[in-house]
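A quick write-up on the structure given underneath.
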Amino acid sequence: QVQLVESGGGLVQAGGSLRLSCAASGSILSINTINTMGWYRQAPGKQRELVATITRGSNVNYADSAEGRFTISRDNAKNTVYLQSNSLKPEDTGVYYCYAEVLGDLRKYWGQGTQVTVSS
């Protein structure tokens with residue numbers, strides 16, 4: 001079992017910066033078998049969409065809407081994944097959810113989400 005806790009959300013102005021963190025915890029076996037981690041977001045009234053993913057070996061992928069403005073990174077020693085933006089836009093507003101996938105299991109483990117609000 002894996003538990004994920006996001007932090008770092010808040011209210012920022014357009015063009016501002018934010019760094020989200022997601023820390024994984026659980027059994028040693030579960031933590032050590034996490035491969036992919038990443039972020040989804042869901043704006044009010046919109047479908048959930050992928051933002052970015054990163055593997056344990058730091059291979060990254062970005063959604064078209066995120067590439068160029070967001071950076072995903074990972075600290076395996078801390079079992080933590082990050083999402084950074086230095087140029088937030090109002091359309092980035094939404095709840096950001098962290099997820100993790102364990103080797104041998106296709107299910108996604110989800111955090112509870114953190115609210116990001118970008119004002120114009």
For this session: With the condition kept exactly as written, say whether any residue in segment 29-45 is modelled with pLDDT of 95 or more, basic (Lys, Arg) and open to solvent by 30 Å² or more (accessible area, probe 1.4 Å).
Result: no
Exercise. Is there any pair linking a residue in segment 1-17 that is within 15 Å of Arg41 (Cα to Cα) and in a loop (DSSP other than H, G, I, E, B) to one that is open to solvent by less than 50 Å² (accessible area, probe 1.4 Å) and aliphatic (A, V, I, L, M), with Cβ under 7 Å and at least six apart or on different chains, and which?
Worked result: Gly8/Leu18; Gly8/Leu20; Gly9/Leu20; Gly9/Val116
Exercise. Across segment 50-83, what is the total count of residues that are outside any loop (DSSP other than H, G, I, E, B) and either open to solvent by 70 Å² or more (accessible area, probe 1.4 Å) or among the β-branched types (Val, Ile, Thr) (or both)?
Worked result: 12
Exercise. Here are some conditions: (1) open to solvent by 30 Å² or more (accessible area, probe 1.4 Å); (2) farther than 19 Å from Ser65 by Cβ. Glu6 meets all but one. Which one does it not meet?
Worked result: (1)
For this session: Could you please let me know if Ser21 is more than 22 Å from Gly104 (Cβ to Cβ), surrounded by fewer than 17 Cβ atoms within 10 Å (Cβ to Cβ) and not basic (Lys, Arg)?
Result: no
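The values are calculated or read from the model by the stated rules, or taken from the named source; none is laboratory data. All values derive from a computational prediction rather than experimental measurement. Ideal geometry is used to build each Cβ from the backbone, glycine not excepted, and the neighbour counts take in all protein chains shown. Remember, those area values only see protein heavy atoms, side chains included, never the ligands or the DNA or RNA. Shrake-Rupley method; radii C 1.70, N 1.55, O 1.52, S 1.80 Å.
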